[in-house]
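A short worksheet on the structure shown next.
Since every read-out is calculated from the coordinates, none of them should be taken as a lab result. As the structure is a computational prediction, the values presented were derived from the model and not from experiment. When we count neighbours, we look across all protein chains shown, and the Cβ atoms used for this are built from the backbone with ideal geometry, even at glycine.
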């Protein structure tokens, strides 16, 4: 067996460093799992699939959507928080999973700030207030009058307890003085099915799964939750325009990785996602789905997250929603 000389040892070290550097440069070298903490059919799933496909094309790998719905997005987000921080597990973080959850749960098993690294904000989604066609209302004013004449008899659906869809309707009900029962579901898809069947009469739902049903007149659209009218449905007035000045609630959607993910990986993902968000193709795809495209980097997303955590803690107190 030949002895190692100082020169050969140095050569091996150089080779080792080169191999390590090559391994880092090789990212990604296998598919990336994108955890969507809601059932298929809602805003988060729709945006996740559209942007995930473009991200895979941009960085040269496949992005596989893994739907893990339940508990208003908490279950899937818990899985993402505990995933190996190697860049091969990402999650679509939302207003619900990363801001509302802090106010909603007394014993949340993840910290949206400490357990995650923000990558980029890619979209903002307003909600559309719809009612079953049997409800005799064609605008928000008529619906409020009808709901007040039927105290305790109407049900409204949501994508889950303490989700944005729940809080938007609870906030409107509080301001309008409505008495309705809340029926939570495991995502916007099931909630949409419920309002179509008449299981619930009212829904402040995600626009993507509702668009076709609005066109086919299977539901009656009343108002948008955002501060300005939707590009997709410009004929629908906002809640603010319909008698509730200052009403402006929407869902933001961004990519997050488990804390501890290598900075070089995060930078590569951020650069790709910001570029994707700025493309004309992405803006067109998002608009068709009733979603507003965004292109915000990690630093600004981190600031937004901290501000919204404080905001929704105030919303919970104002609406009188109990902490779970």
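The table that follows gives values for the structure above.
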{"quantity": "Helical contribution to [θ] at 222 nm, DSSP H n ≥ 4, -39,500 (n - 2.57), averaged over the chain, rounded to 500", "calculated": "-13500 deg cm²/dmol"}
{"quantity": "Sorted largest first, extent of the chain alpha carbons per principal axis (Å)", "calculated": "94, 41, 32"}
{"quantity": "Point-to-point label distance, residue 53-residue 145, nm (Cα→Cβ direction, 7 Å offset)", "calculated": "4.5 nm"}
{"quantity": "Whole-angstrom gap from region 165-214 to region 97-151, using each part's C-alpha centre", "calculated": "9 Å"}
{"quantity": "Between 0 and 90°, nearest 10: helix 140-149 axis offset from the chain longest Cα axis", "calculated": "60 degrees"}
{"quantity": "Length released on extending from residue 267 to residue 61, taking residue separation times 0.36 nm less the Cα-Cα span", "calculated": "72.5 nm"}
{"quantity": "Linear extension gain, residue 319 paired with residue 106, 0.36 nm per residue minus alpha-carbon span", "calculated": "75.0 nm"}
{"quantity": "Packing-based exposure ordering (other Cβ within 10 Å, fewest first) of 232, 77, 287", "calculated": "287, 232, 77"}
{"quantity": "R0 of 35 Å, Cβ-Cβ distance residue 280-residue 241: FRET efficiency to nearest 0.05", "calculated": "0.75"}
